[in-house]
1. How far apart, in nanometres, would the label points at residue 74 and residue 141 be if each is projected 7 angstrom from Cα along the Cα-to-Cβ direction?
2. Classify the stretch 3-92 from the C-alpha gyration tensor, please: rounded if a/c falls under 1.5, else prolate or oblate depending on whether a/b exceeds b/c.
3. Report, by chain and number, residues whose modeled amide H sits under 5 Å from the one on residue 196, excluding near sequence neighbours (fewer than 5 apart, same chain).
4. Rank by packing, highest mean first: peptides 260-272, 238-250, with packing defined as the count of other Cβ atoms within 10 Å averaged across residues.
5. In square angstrom, what is the accessible area per residue of the chain with a 1.4 angstrom probe?
6. Counting other Cβ atoms within 10 Å, keep those with at most 16, restrict to DSSP loop, and tell me which chymotrypsin sites (Phe, Trp or Tyr not before Pro) in the stretch 1-108 are left.
7. Can you give me the distance in nm between label points at residue 30 and residue 91, each placed 7 Å from the Cα along the Cα-to-Cβ direction?
8. Which FRET efficiency, nearest 0.05, do residue 169 and residue 221 yield, Cβ-Cβ r, R0 25 Å?
Amino acid sequence: MDSFTNLDQLPVLSGLQAEHERIEINLLLEGIFRIYGYDFRNYSYPSIRRRIWHRILAEKLATVSGLQERVLHDRECLERLLSDLVIHVTEMFRDPEVFTSFRQDVVPMLRKYPAIRIWHAGCATGEEVYSMAILLHEEGLYDRTRIYATDINEEVLKKAEKGIYPLRNMKDYTRNYLQAGGKEAFSKYYAASKDSVTFQPFLRDNIVFAQHNLVTDRSFNEFHVILCRNVLIYFNTQLQNQVHSLIYGSLSLSGFLVLGDKETITFTKHASAYEAVSTANKIYRKVQ
């Protein structure tokens with residue numbers, strides 16, 4: 001491959017070059033799985049290729065094989081690569097209309113349960129987990145709810161558990177909260193310092209943060225709600241179906257599944273087991 005200095009210059013390869021690079025990437029991902037247990041082998045290839053090259057450039061290396069040699073012998077380099085491979089794009093009340101629909105269409109059904117179990121799969125730094133805690137608090141359901149917030153990355157889980165976020169984000173988060181049907185002054189839910197905010201401790205009382213790998217780990221409970229938003233888009237079809245099977249097996253009958261805006265159950269083997277609660281907001285209910 002010709003030398004380049006940034007991802008905008010990443011060339012489109014063909015023929016033998018492309019085949020060689022794919023072999024290198026497959027060997028890198030196989031090595032990570034065998035040594036560290038993280039399985040990225042069935043992630044979307046174009047996406048993972050771009051992220052691998054981002055790390056190659058950041059490490060001042062020249063080839064995928066060079067990155068492999070470093071990653072397999074340097075745990076800190078692996079952690080840096082994991083941060084590139086696992087995307088953590090999130091915000092409080094992201095896609096407010098989803099939370100509005102959740103209030104209107106799902107909360108009335110949850111009121112029937114004496115205890116509620118919710119799984120946020122791929123929770124990243126936790127903003128949407130706290131959003132759900134706030135929503136349930138305002139609906140009078142939080143005291144009987146247990147939220148399990150999981151992610152593959154231990155470092156982002158530590159950030160999520162602290163509940164500390166940049167103060168500069170609060171303007172956007174407040175707007176999202178209000179658009180999502182928030183009933184209070186959003187500022188009552190956090191304490192501000194110089195450049196950050198810490199969300200109120202009571203919001204963490206019923207949240208369990210834990211590491212969980214959707215690709216390699218099994219179900220650990222039965223849930224009334226599973227939120228897995230904007231995670232599946234990074235997987236290939238085989239892996240999407242595998243994770244959908246995990247979700248299906250983890251969701252109680254009449255339970256609710258909430259996906260990201262670019263995700264669907266339509267083409268999975270479990271499609272007939274769900275009915276749409278809100279097609280626009282990707283909220284489904286398990287009916288069989």
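The values are calculated or read from the model by the stated rules, or taken from the named source; none is laboratory data. As the structure is a prediction and not an experimental result, all values here were calculated from the model. Cβ placement follows ideal geometry from the backbone for every residue including glycine, while neighbour counts extend to all protein chains displayed. Please note that ligands, DNA and RNA were not included when accessible areas were found on the heavy atoms of the full protein model with its side chains. Shrake-Rupley method; radii C 1.70, N 1.55, O 1.52, S 1.80 Å.
1. The answer from the label model is 4.8 nm.
2. rounded
3. Amide H neighbours of residue 196: 167.
4. 238-250, 260-272
5. That works out to 48 Å² per residue.
6. Hits after loop and neighbour filter: 4.
7. Each label point lies 7 Å from its Cα, and together they span 4.2 nm.
8. The pair residue 169/residue 221 has a calculated efficiency of 0.20.
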